[in-house]
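Trainee: Here it is: the structure, laid out below.
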Amino acid sequence: MVFRSARGIHRVFPFPTLMLFLLCCIPTQAQQISSPSTAPRLLTRIEQIWSLDPDEAQKGHSVRVTGVVTYFDDRDDSLFIQDDTTIIYVNPSGGGFRLLAGQLVEVEGVSAPGDYAPIIAKPRIRILGTAPIPAAHRASLEQLMTGKEDSQLVEVEGIVRSVSMENERIRLDIASSGGRFSARIPDYRHLPLPLHLGSTPRSGFVGFAPRSATSKIS
């Protein structure tokens, strides 16, 4: 709409046209904020990694967690760490790490799907000091074979049926009420062996639920 006055010619927008102009000029929320599902994630607690489903873990979310080493064996790339939420498996493949149980470490890496639960892959590890190893909880062999105790510190009772040395590790064949399983003590270089046939290890005997069909309590 145009009208004349003593001061000249003026153009006036009708109300609906003005509103349309203003709406076109205001950026939408989708333009201002990236979608949370596509935004990069930094996971700083182990329970956050465990909460990922396999497809989400496969996206390789950035990880930076601090925890205590509960188990390490460089011969088969076994590394587990625990923070104040839970325990997780770290794949140290090719890293050349030399770690000990009880060391406090900072681990940076990416999420990845595991056999039973998400894991940390491509780790960079910095040793911060030492920390107490958390106490294990009692579990049966049946519970371990379900995979629900994957990576957890557990205490299992059984009778030693055989003891042997393999590459500076003690290998135990143990019979329990739920069947037989093998256990091992890594980096043991001192003889005589601390266990004998027929003994029943329980107190202080801790381990991890198997990550494959073969029982392996370390």
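Trainee: Which count do you get for residues in the range 46-87 that are of a type outside the set (Gly, Ala, Ser) and closer than 21 Å to ALA183 by Cβ?
Mentor: Final tally of qualifying residues: 14.
Trainee: Identify the single condition in (1) out of contact with any Ser or Thr (no Cβ under 9 Å at 6 or more places or on another chain); (2) in a strand (DSSP E or B) that SER182 does not satisfy, given that it satisfies every other one.
Mentor: Of the numbered conditions (1) out of contact with any Ser or Thr (no Cβ under 9 Å at 6 or more places or on another chain); (2) in a strand (DSSP E or B), the odd one out for SER182 is (1).
Trainee: Related question: Kindly list, by first and then second residue, each pair from a residue in the range 63-75 that is within 16 Å of THR86 (Cβ to Cβ) to a residue that is part of a strand (DSSP E or B) and at pLDDT below 90, limited to pairs with Cβ atoms under 7 Å and residues at least 6 apart or on different chains.
Mentor: THR70/LEU153; TYR71/SER78; TYR71/PHE208
Trainee: Out of PRO192, PRO123, PRO132, which single residue is modelled with pLDDT under 70 and either more than 20 Å from ASP76 (Cα to Cα) or not in a loop (DSSP other than H, G, I, E, B) (or both)?
Mentor: Being modelled with pLDDT under 70 and either more than 20 Å from ASP76 (Cα to Cα) or not in a loop (DSSP other than H, G, I, E, B) (or both) holds for just one of PRO192, PRO123, PRO132, which is PRO192.
Each row is one residue, and each column tells you yes or no for (1) within 23 Å of ARG184 (Cβ to Cβ); (2) of a type in the set (Ser, Thr, Tyr); (3) surrounded by 17 or more Cβ atoms within 10 Å (Cβ to Cβ); (4) modelled with pLDDT of 80 or more.
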{"site": "GLN29", "(1), (2), (3), (4)": "no, no, no, no"}
{"site": "ALA39", "(1), (2), (3), (4)": "no, no, no, no"}
{"site": "THR44", "(1), (2), (3), (4)": "no, yes, no, yes"}
{"site": "TRP50", "(1), (2), (3), (4)": "no, no, yes, yes"}
{"site": "PRO54", "(1), (2), (3), (4)": "no, no, no, yes"}
{"site": "VAL90", "(1), (2), (3), (4)": "yes, no, yes, yes"}
{"site": "GLY96", "(1), (2), (3), (4)": "yes, no, no, yes"}
{"site": "PRO118", "(1), (2), (3), (4)": "no, no, yes, yes"}
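Trainee: Answer yes or no as to whether THR146 is of a type in the set (S, T, N, Q) and modelled with pLDDT of 85 or more.
Mentor: For THR146, the condition - of a type in the set (S, T, N, Q) and modelled with pLDDT of 85 or more - is not met.
Trainee: SER62 - would you say it is under 13 Å from ILE46 (Cα atoms), surrounded by fewer than 14 Cβ atoms within 10 Å (Cβ to Cβ) and not charged (D, E, K, R)?
Mentor: So SER62 passes the test.
Trainee: Just for the range 137-154: of the residues that are more than 22 Å from ASP77 (Cα to Cα) and touching a strand residue (DSSP E or B) at 6+ places or on another chain (Cβ under 7 Å), which one is surrounded by the most Cβ atoms within 10 Å (Cβ to Cβ)?
Mentor: Filtering the range 137-154 for residues that are more than 22 Å from ASP77 (Cα to Cα) and touching a strand residue (DSSP E or B) at 6+ places or on another chain (Cβ under 7 Å), the one surrounded by the most Cβ atoms within 10 Å (Cβ to Cβ) comes out as LEU141.
Trainee: Would you call THR86 within 18 Å of LEU153 (Cα to Cα) and either free of Cβ contacts under 8 Å to residues at least 12 places away in the same chain or among the hydroxyl-bearing types (Ser, Thr, Tyr) (or both)?
Mentor: yes
The values are calculated or read from the model by the stated rules, or taken from the named source; none is laboratory data. Model, not experiment: these values are computed from the prediction. Glycine gets a Cβ as well: all are built from the backbone with ideal geometry, and neighbour counts include every protein chain shown.
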